[in-house]
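Have a look at the structure below, then the notes.
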Amino acid sequence: AKEMGFSKDKIMGIRMAGVLHDIGKIAIPAEILSKPGRLSKTEFELIKNHSQVGYDILKSIQFPWPLSQIVLQHHERMDGSGYPNGLLGKEMLIESSILGIADVVEAMASHRPYRAALGIDKALEEISINKGKFYDVEVVNACLKVFKDKKFKFKV
């Protein structure tokens, strides 16, 4: 967001959304979240519902940013293949695109109960290959610049 020239206020909103984006996972049993194997169709549908649950939790709380909408949309994709509403890129908040890309990069670069970390290079390759299809071109370019040109590293 900073790389894209957003105001400090908008960046703070995106940062807050980043903290809260998976709050809806509180409704998912821990056994599913930590399951080492492949999820069943029913389990995956529960996981997919976390964006809606997060929205439902946050929608009645007053924030100076559209946090509930950002949380709701963070798994949407430019081509409409995301969830929960299959929004197209032009229907999505730019903040949701930023959070969605950050979520993909972090998820791929980190260890998960069902797989080892794939690494940052694989994550950046994923967003690069799919920019314009799944991911907003401007957001991907800013992300790649931060990691490649500015040598950003995740804090561990």
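Show me, for the range 115-124, the HN-Hα J-couplings you get by feeding each phi into the Karplus relation (A = 6.51, B = -1.76, C = 1.60, θ = phi - 60°), rounded to Hz, glycine and proline as x.
Calculated HN-Hα couplings, in order: 6, 6, 4, 8, x, 5, 4, 5, 5, 5 Hz.
Quick one: what are the phi-derived ³J(HN,Hα) couplings along the range 4-13, Karplus 6.51/-1.76/1.60 with θ = phi - 60°, whole Hz, x for glycine and proline?
8, x, 6, 5, 4, 5, 5, 4, 4, x
Of the chymotrypsin sites (Phe, Trp or Tyr not before Pro) in the range 91-152, which ones lie in a loop per DSSP and count no more than 13 other C-beta atoms within 10 Å?
Passing sites in the range 91-152 are 114, 152.
Given a Förster radius of 25 Å and the C-beta distance between residue 91 and residue 11 as r, what FRET efficiency does 1/(1 + (r/R0)^6) yield to the nearest 0.05?
Efficiency, rounded to the nearest 0.05: 0.65.
Just how far, in whole angstrom, is the range 7-43 from the range 92-120 if you go by their alpha carbon centroids?
Rounded to whole Å, the Cα centres lie 11 Å apart.
Across every pair of different alpha-carbon atoms, what Kirkwood hydrodynamic radius in Å does the range 1-70 reach?
It is 13.6 Å.
Could you run the Karplus curve 6.51 cos²θ - 1.76 cosθ + 1.60 with θ = phi - 60° over the range 88-101 and give me ³J(HN,Hα) per residue in whole Hz, x for Gly and Pro?
So the J values, rounded to whole Hz, are 8, x, 5, 8, 8, 6, 4, 4, 5, 5, 4, 5, x, 5.
Lysine pairs in the range 1-121 with alpha-carbon atoms under 21 Å apart, 8 or more places apart or on different chains: how many are there?
Going through the range 1-121 pair by pair, I get 9.
Show the residues, 5+ positions off or on another chain, whose built amide H is closer than 5 Å to the amide H of residue 112.
Excluding prolines and chain starts, which carry no amide H, the hits are 117.
Using the Cα centre of the chain as origin and beta-carbon charges of +1 (Lys, Arg) and -1 (Asp, Glu), tell me which of 11, 119, 60 is placed farthest towards the positive end of the dipole.
It is 119, whose Cα lies furthest towards the positive end.
At a threshold of 8 angstrom on Cα-Cα distance, excluding pairs fewer than six apart, so keeping six or more, what relative contact order does the range 8-149 reach in percent?
Over the range 8-149, the number comes to 20 percent.
Using only alpha carbon positions, build the gyration tensor of the chain, then give the equivalent ellipsoid semi-axes as the square roots of 5 times its eigenvalues, largest first, whole angstrom.
Values: eigenvalues 106, 85, 46 Å².
Values for the chain, descending: 23, 21, 15 Å.
Check residue 77: other-chain or 5+ apart residues with amide H under 5 Å from its amide H, H built from backbone geometry?
82, 83, 87
Pairs of Cα atoms under 8 Å, at least six residues apart: use those to get the relative contact order of the range 79-123, whole percent.
It rounds to 23 percent for the range 79-123.
Name the longest site-free stretch of the chain, where the excluded sites are trypsin sites (Lys or Arg not before Pro) in a DSSP loop with no more than 15 other beta-carbon atoms within 10 Å.
60-132
Here, each number is a calculation from the coordinates, and none is a lab measurement. A quick note: this is a predicted structure, and the numbers were derived from the prediction, not measured. Glycine also receives a Cβ, built like all others from the backbone with ideal geometry; neighbour counts cover every protein chain displayed.
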